[in-house]
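Structure record follows, encoded as structure tokens.
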Amino acid sequence: MSEKIFGYDEAYSLITPEDSIKLYKKWALTYDKDFALNSNYLSPKKISSFFNKYSRNTDTPILDVGAGTGLVGECLYKSGNKKIIGIDISPEMLGQAKLKGCYSNLMEADITKQIPLKSNSIGAVVSAGTFTHGHVGPDAFDELLRITKPGGLFVLSINSKVFIKNNFQEKFLTIKNDISDLIFIEFKAHGKTEDEKLGEIKIFASIFRKNF
């Protein structure tokens, strides 16, 4: 019998932003070990790698959406990216991210509402694990596009199970005139793990640029 990774079912059963705040308040101190390490969570490294592959010098500052404990930010920082802003709904998770020392700024905010950043002020948007079951839907793209500079890069992980079900595919059709260079790269969210469910989770890395 495979060993169950703590938090998997809880995270995938979230419904409201308030649910997220409650879960991640409990989970913040042990998230990196209980989930990321024990589940061989690959998404942060994958998203960071894709950013480094497709980015330009102008893609700065980087906004890490749903930064959590800073797993993506840490990967980006170690690969030479120094101007990274983390945004998350959970102050406790951001507290853990701050300890990693990889962010130039951290913001507590709900990205399903108006984001407290100026239009055309962000050079790139990255995200791992935020566009998934019970978390953030495609309507958040509108605000993310607003705050991103023309030509800015997006590298987002989208859980394959919600891609059609939660209208991400439809959203990409809606915004097709606002973006360019759209590509999707499928990968597994987790490496080898004893939890068979986790091994089945597939992600679409959604990579594109905001039009000039």
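The values are calculated or read from the model by the stated rules, or taken from the named source; none is laboratory data. Remember, it's a predicted structure, so these values are computed and weren't measured experimentally. Quick reminder, even Gly has a Cβ in these numbers, built from the backbone with ideal geometry, and neighbours come from all protein chains shown.
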Note to self: Which pairs turn up if I take residues in segment 52-68 that are farther than 19 Å from GLY101 by Cβ and look for partners that are surrounded by fewer than 14 Cβ atoms within 10 Å (Cβ to Cβ) and charged (D, E, K, R) with beta carbon separation below 9 Å, at least 6 apart in sequence or on another chain?
What the structure shows: TYR54/ASP181
Checklist line | Looking only at segment 127-139, and only at residues there that are touching a Lys or Arg at 6+ places or on another chain (Cβ under 9 Å) and within 17 Å of LYS171 (Cα to Cα), the one that is surrounded by the most Cβ atoms within 10 Å (Cβ to Cβ) | finding: THR132
Checklist line | Qualifying position, being crowded, with 24+ Cβ neighbours inside 10 Å, charged (D, E, K, R) and either touching a strand residue (DSSP E or B) at 6+ places or on another chain (Cβ under 6 Å) or not in a helix (DSSP H, G or I) (or both), among ASP110, ASP64 | finding: ASP64
Check: Which ones in segment 70-107 are modelled with pLDDT of 95 or more, more than 20 Å from ARG56 (Cβ to Cβ) and in a loop (DSSP other than H, G, I, E, B)?
Finding: GLY70, GLY101, CYS102, TYR103
Checklist line | PHE184 being farther than 21 Å from GLY70 by Cβ, of a type in the set (Phe, Trp, Tyr) and without any contact (Cβ under 8 Å) to a residue 24 or more places away in the chain | finding: yes
Margin query: Here is a list: ALA205, ALA189. Which entry is hydrophobic (A, V, I, L, M, F, W, C) and modelled with pLDDT under 95?
Written below: ALA189
Check: Are any of the residues in segment 135-146 touching a strand residue (DSSP E or B) at 6+ places or on another chain (Cβ under 8 Å) and more than 21 Å from ALA109 (Cβ to Cβ)?
Finding: no
Notebook entry, point to check: Would you pick out the residues in segment 113-131 that are under 18 Å from LEU94 (Cα atoms) and not in a strand (DSSP E or B)?
Noted result: ILE115, PRO116, LEU117
